[in-house]
Amino acid sequence: RRHRGLSVTFLKHASLMIKDRGRCLLIDPVFDQIFWFIKDFSPLRTEGMPAPDEILITHGHYDHLDIASLGSLPANTHVVSPLGYIDEFDSLKMTNRSQLDWYNSIRAGDAEITLLPCNHWTMRNPLAGPNRSLWGSYLIRTGGGHTIYISGDTAYFDGFEQLGKEFDIDLAIFNVGAYEPRWFMAPSHMNPAETVRAFQEVKARRLMIAHWGTFQLGDEPVHFPPADLEKALGEKGLLRRWVPLGHGETFFF
């Protein structure tokens, strides 16, 4: 709260708080359980958390677009999302919103937020079927001058190399979790080895990971991703570029 520059806090699961010279961007807020039958391994107390100026949603899966968590935030908060989530935000009376297609950008204070492609999918209602809304990653050109890339949920794809050619990225935050078994998860989520490859291709200066330690959505235990990533980075000689944040910890630029 006291820091006046740029910082990134890893809250839990894929939830992040970016503070950019006093402006707060909250990514995929999930503060509690998503379903009663999925254990929450990292309970979060939100008392004292700065109120967000923007809420960024990457896609509509329930561990990223959580109605209860959004409903606990001020209804007039500016919500940024991919196309197609009108009903969810209408139900919350969150009318201050921007819907983006891939490569569309908006201004948020001194920052520029761009929705980019990723290799994923989305679904809210199995009866309606998948992919009735869009999904994506975000590139944030902060007011502080640094550029942050947030992958969202994604499988590996050749788009990472294209992003590396097009953008100059200071910090890449990849979602790493729910990657086992590969025969089932590979089309949706990267494993640590693929994450290291993607990190090299986007040519970011630093690497951070989220989407681990909260819900066991794959076969690997929730605490495995950082250890698996550390091994994969070590094999490539890239450990010094890793920002190893735990839940509730903050990286200051």
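The values are calculated or read from the model by the stated rules, or taken from the named source; none is laboratory data. The shown structure was predicted, so the numbers you read here are calculated from the model rather than taken from an experiment. Please note: Cβ atoms are built from the backbone with ideal geometry, for glycine as well, and neighbour counts cover all protein chains shown. SASA here: full protein model, heavy atoms, side chains in, ligands and nucleic acids out. Shrake-Rupley method; radii C 1.70, N 1.55, O 1.52, S 1.80 Å.
Per-residue SASA remark: W102, around 90 Å² accessible (1.4 Å probe; ligands, DNA and RNA not included).
Rounded to the nearest 500, the helix-only mean residue ellipticity at 222 nm of the chain stands at -5000 deg cm²/dmol, with each DSSP H run of n ≥ 4 adding -39,500 (n - 2.57).
If the segment from Q216 to D158 were pulled out straight at 0.36 nm per residue, it would be longer than the present Cα-Cα gap by 18.1 nm. Dipole magnitude for the range 1-114: computed about the Cα centre from +1 point charges on Lys and Arg Cβ and -1 point charges on Asp and Glu Cβ, it is near 580 debye.
Seen from R205, the other residues with C-beta closer than 13 Å to its C-beta sum to a net charge of +2, counting Lys and Arg as +1 and Asp and Glu as -1. When exposed loop sites are taken as GluC sites (Glu not before Pro) in a DSSP loop with at most 12 other Cβ atoms within 10 Å, the longest stretch of the chain clear of them is 48-248.
To make sure I understand the rule: partners must be aspartates and glutamates, Cα under 15 Å from the Cα of K203, and not fewer than 8 residues away in the same chain. Which ones qualify? Counting by Cα, and skipping residues close in sequence, K203 has these aspartates and glutamates nearby: D158, E161, E166, D168, D170, E194. Cross-link partners for K165 among the aspartates and glutamates, with Cα-Cα distance under 16 Å and sequence neighbours closer than 8 places in the same chain left out: E201. Here the chain yields Rg over Rh of 0.93, to two decimals, using C-alpha coordinates and the Kirkwood radius. Does the range 115-253 classify as rounded, prolate or oblate by the C-alpha gyration tensor (a ≥ b ≥ c root eigenvalues; a/c under 1.5 gives rounded; else a/b over b/c gives prolate, otherwise oblate)? Oblate shape, in that a/c is at least 1.5 and b/c is the bigger or equal ratio. For the range 155-183, backbone nitrogen atoms closer than 15 Å to the point 7 Å from E235 Cα along Cα-to-C-beta are found at 182.
Note on the chain: with charges restricted to the Cβ of Lys and Arg (+1) and Asp and Glu (-1), its dipole about the Cα centre is near 720 debye.
Other residues whose C-beta falls under 12 angstrom from the C-beta of F253 contribute a net charge of +3, scoring Lys and Arg +1 and Asp and Glu -1. Compactness of the range 146-189 is given as radius of gyration and Dmax, 12.0, 37 Å, from Cα positions.
Normalised by the number of residues in the chain, the average gap of Cα pairs under 8 Å and 6 or more apart makes the relative contact order 19 percent. Model label points for F37 and R182, set 7 angstrom from Cα along the Cα-to-Cβ axis, are 2.9 nm apart. Each residue, I86 and T46, gets one label point 7 Å from its Cα in the Cβ direction; the gap between the two is 2.6 nm.
Quick one: order M190, M123 from most to least accessible surface, probe 1.4 Å.
M123, M190
A 1.4 Å probe, protein heavy atoms only, puts the accessible area of R97 near 70 Å². Projecting label points 7 angstrom from Cα along Cα→Cβ for F167 and A227 puts them 3.2 nm apart.
How much accessible area per residue does the chain have, counting only protein heavy atoms and a probe of 1.4 Å, in square angstrom?
That works out to 45 Å² for each residue.
Given the options L127, L100, S137, identify the residue whose Cα lies farthest towards the positive end of the charge dipole of the range 44-148 (+1 on Cβ of Lys, Arg; -1 on Cβ of Asp, Glu). Checked the options; the winner is L127.
Over the range 137-210, the pair-distance histogram of Cα-Cα distances with 10 Å bins from zero comes to 21, 55, 21, 4, 0 percent, rounded to whole numbers.
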